[in-house]
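What follows is one structure encoded as structure tokens, with my remarks underneath.
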Number of protein chains: 4
Amino acid sequence: MTNARPLRADAQRNRARVLAAAEWVFAERGTATSTEEVARAAGVGVGTVFRHFPSKEALLQALVVQRLARVAADAREHATSPNAGAAFFDFFAATVRGSATKLELVDALAELGIHPDDAVAPIAEEVTEALAALLQQAQRAGSVRRDVDVRDVIALLAGASQARRYAPDDRPLDVILDGLRAPSAH
Amino acid sequence: MTNARPLRADAQRNRARVLAAAEWVFAERGTATSTEEVARAAGVGVGTVFRHFPSKEALLQALVVQRLARVAADAREHATSPNAGAAFFDFFAATVRGSATKLELVDALAELGIHPDDAVAPIAEEVTEALAALLQQAQRAGSVRRDVDVRDVIALLAGASQARRYAPDDRPLDVILDGLRAPSAH
Amino acid sequence: MTNARPLRADAQRNRARVLAAAEWVFAERGTATSTEEVARAAGVGVGTVFRHFPSKEALLQALVVQRLARVAADAREHATSPNAGAAFFDFFAATVRGSATKLELVDALAELGIHPDDAVAPIAEEVTEALAALLQQAQRAGSVRRDVDVRDVIALLAGASQARRYAPDDRPLDVILDGLRAPSAH
Amino acid sequence: MTNARPLRADAQRNRARVLAAAEWVFAERGTATSTEEVARAAGVGVGTVFRHFPSKEALLQALVVQRLARVAADAREHATSPNAGAAFFDFFAATVRGSATKLELVDALAELGIHPDDAVAPIAEEVTEALAALLQQAQRAGSVRRDVDVRDVIALLAGASQARRYAPDDRPLDVILDGLRAPSAH
DNA sequence: AATGAATGAGCTTTCATTCAT
DNA sequence: GATGAATGAAAGCTCATTCAT
């Protein structure tokens with residue numbers, strides 16, 4: 001159903017291996033790590049990496065898209081919960097805790113504002129919409145303060161993830177969650 | 001007190017120009033920008049940059065030290081205020097708002113946790129101490145919740161600065177400040 | 001007479017398609033164009049190209065051989081004409097005009113002098129012989145000056161083809177033809 | 001007086017060495033030879049080559065410009081001769097004989113028609129003008145046929161140079177020169 | 001036989017760093 | 001001290017060729 005014919009089974013597998021290796025390597029040693037290194041980690045030749053991702057930039061973007069897709073899916077799933085407030089805070093905490101690697105949510109989210117025109121654009125919109133819905137529900141339920149909008153939430157997700165790099169425990173996250181609660185919710 | 005003889009006046013001036021140019025250039029175009037570019041922006045030859053900073057890493061660290069020195073000084077100054085609570089929050093907000101350039105406080109703070117052993121160590125300790133004092137006063141005054149420590153505050157400074165990249169207004173910052181307030185302070 | 005068994009009909013067709021595609025692609029975009037590109041133009045996989053031509057070099061040579069074979073055939077045909085002088089000049093002009101693609105006669109002829117030992121050798125000899133016959137007839141008929149030999153004619157064919165790249169009209173060709181006429185022929 | 005400050009003496013020398021080495025290497029082994037090889041031949045590092053010529057393309061163009069500059073100068077010099085006819089033919093023969101390397105005049109002239117918009121444009125015009133003057137004089141003197149124009153002459157220079165690759169003696173050149181003579185000149 | 005994914009040597013280019021001027 | 005040309009390791013990327021499907 002996609003417009004490109006599906007990849008052969010082995011190609012599919014290699015693409016996935018490259019993506020996984022890239023996530024690991026870039027997280028562990030920074031995105032400045034060479035593509036050669038990524039290839040080595042994936043157990044393939046450099047050529048294979050470039051066959052699947054025509055440039056390093058494209059590989060990085062694929063990683064971002066993958067990360068954001070998970071966030072969007074997660075937001076949508078939480079939006080189905082009957083308890084809108086808990087759903088929002090659960091989602092927020094889980095997302096921040098999930099960005100445990102160095103190629104953080106931070107870097108993924110960075111793309112949301114920075115390249116609004118390229119391959120990341122569709123997924124960016126997806127994330128924004130899913131998040132907006134989740135937020136609105138929680139605000140209507142009186143759990144989240146009304147003076148924040150989606151952009152603020154995204155910024156705070158990035159901020160909380162960043163904070164986690166310095167203090168990997170939950171304290172900073174808790175502070176931010178508390179800051180988000182509606183005053184009456186105390 | 002320095003172990004090197006004082007620099008000649010012109011050398012002193014060149015060092016400062018390089019530092020300023022580096023801050024500007026790295027902020028504007030990323031730390032991957034070449035040293036050549038920094039030299040050009042400073043109006044000196046590359047050789048001069050390397051004479052003052054033996055490696056690019058060293059230049060980056062000097063920038064971090066400079067940034068953190070300002071933060072430490074600022075913390076110490078606020079610590080003299082009679083109103084400990086307001087002083088803490090003022091300091092926090094001012095620090096985050098001041099990290100408006102792209103070579104953010106984030107990157108500076110990154111060094112606090114990441115390279116605790118090198119040239120950055122002394123200033124890191126300085127910042128930590130000044131911050132600890134300011135925090136303790138504010139907690140004793142009942143303005144800041146008691147379950148956060150210096151490390152959390154540093155993490156949240158980094159987080160709030162990061163958030164500012166996505167939503168350059170004050171909303172995310174306000175959320176975090178609210179999260180930091182002692183419950184009874186409402 | 002060939003030492004390999006005849007190709008299956010579809011294989012035969014594929015070989016021809018590759019050859020045609022290669023001529024077109026190399027002419028249009030230079031011989032540095034990738035084999036992948038040639039395969040795409042031929043509507044086959046790269047593997048197929050390499051099955052028929054064991055290396056890119058071999059593919060290029062096959063093209064040259066094909067080109068030279070046409071020249072030799074043409075020369076032989078003109079040699080049957082009753083008017084030896086006209087036959088020679090007609091042949092010369094037609095050959096030069098026919099090298100209208102970018103993978104010119106020039107490049108084909110280049111092989112005559114450059115790789116005298118490989119796959120091109122037989123056809124090179126064929127061309128030389130056919131040309132020698134045509135030339136001799138024209139010289140005997142008093143139409144072509146006697147102080148040029150086959151090698152000179154080949155060089156001039158290459159030269160005239162080259163000239164056509166810069167001035168695609170007939171003027172340079174006419175000049176060369178005039179230069180070849182026997183003095184008494186005026 | 002040039003808009004760039006003159007190079008330091010050693011830089012000047014290295015630039016010249018690179019240019020000379022490039023001419024030699026490309027002539028001997030084709031323009032596909034790696035820049036690394038050129039650097040080795042010049043006795044410098046690759047970096048030096050790229051400092052002087054920002055891309056391989058630029059290096060090739062510099063070679064072309066150098067070659068064409070010589071041709072233009074030569075044309076202008078011959079144009080001062082009292083015997084216009086002899087001057088033209090002398091120039092033509094000398095130019096063709098001078099393109100003895102494989103990175104021929106052919107390749108240099110190729111640029112005349114192919115990249116009319118880049119760094120080669122000014123020198124291309126220079127060559128054309130100098131040649132036009134020389135040609136016109138020779139035509140007025142009744143030595144060169146009147147139905148050829150500058151473009152034809154350039155094409156024939158390229159053609160004659162190409163011919164020389166196959167028959168390195170003077171015969172093909174003589175044929176072309178004869179073809180250029182005015183009919184009455186016999 | 002045909003396919004196209006995988007390979008990896010090799011190419012162009014960049015840039016931190018050194019050193020002659 | 002300052003300069004900027006030179007260096008060469010290393011990076012991103014291409015492509016002829018191989019081989020599992």
- Item | Spatially proximal aspartates and glutamates relative to D:K56 (Cα-Cα < 16 Å; intrachain offsets below 8 disregarded) | D:E23, D:E36, D:E37, D:D107, D:E111, D:D118
- Message: If neighbour count is taken as other Cβ atoms inside 10 Å, put A:R29, D:R67 in order from fewest to most.
- Response: A:R29, D:R67
- Specify, per residue and in Å³, the volume enclosed by the convex hull of the alpha carbon atoms belonging to segment D:55-185. 93
- Taking neighbour counts of Cβ atoms within 10 Å as a proxy for exposure, in what order, fewest first, do B:S55, B:S143 appear? B:S55, B:S143
- Mind listing the phi-derived Karplus ³J(HN,Hα) values for segment C:9-17, rounded to whole Hz, using 6.51, -1.76 and 1.60 with θ = phi - 60°, and x for any glycine or proline? 4, 5, 4, 3, 5, 4, 4, 5, 5
- Message: Need the C-alpha centroid separation for segment C:40-57 versus segment A:1-74, integer Å.
- Response: 29
- For C:V46, label point 7 Å along C-beta direction: distances to other copies, nm: 1.6, 2.2, 3.6
- If labels are modelled 7 Å from Cα along the Cβ direction, B:R140 lies from its partners in the other copies at nm distances, smallest first, of 5.0, 10.4, 12.3
- Over the protein assembly as shown: Kirkwood hydrodynamic radius from C-alpha pairwise inverse distances, Å: 32.9
- Where along chain C is the Cβ that lies nearest the axis linking it to chain A, and how many Å separate them? C:G47, 4
- Using the 7 Å Cα-to-Cβ label point, sort the distances from D:D10 to its equivalents in the other copies shortest first and give them in nm to one decimal. 2.1, 5.4, 6.7
- With a/c under 1.5 counting as rounded, go ahead and sort segment B:1-54 into rounded, prolate or oblate using the C-alpha gyration tensor (a ≥ b ≥ c being the square roots of the eigenvalues; past the cut-off, prolate if a/b is larger than b/c, else oblate). prolate
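Read-outs: derived from the displayed coordinates by stated rules, not from any lab. Here the structure is a predicted model, which is why all the values come from computation and not from measurement. Every residue, glycine as well, gets a Cβ built from its backbone with ideal geometry; the counts of neighbours run over all protein chains shown.
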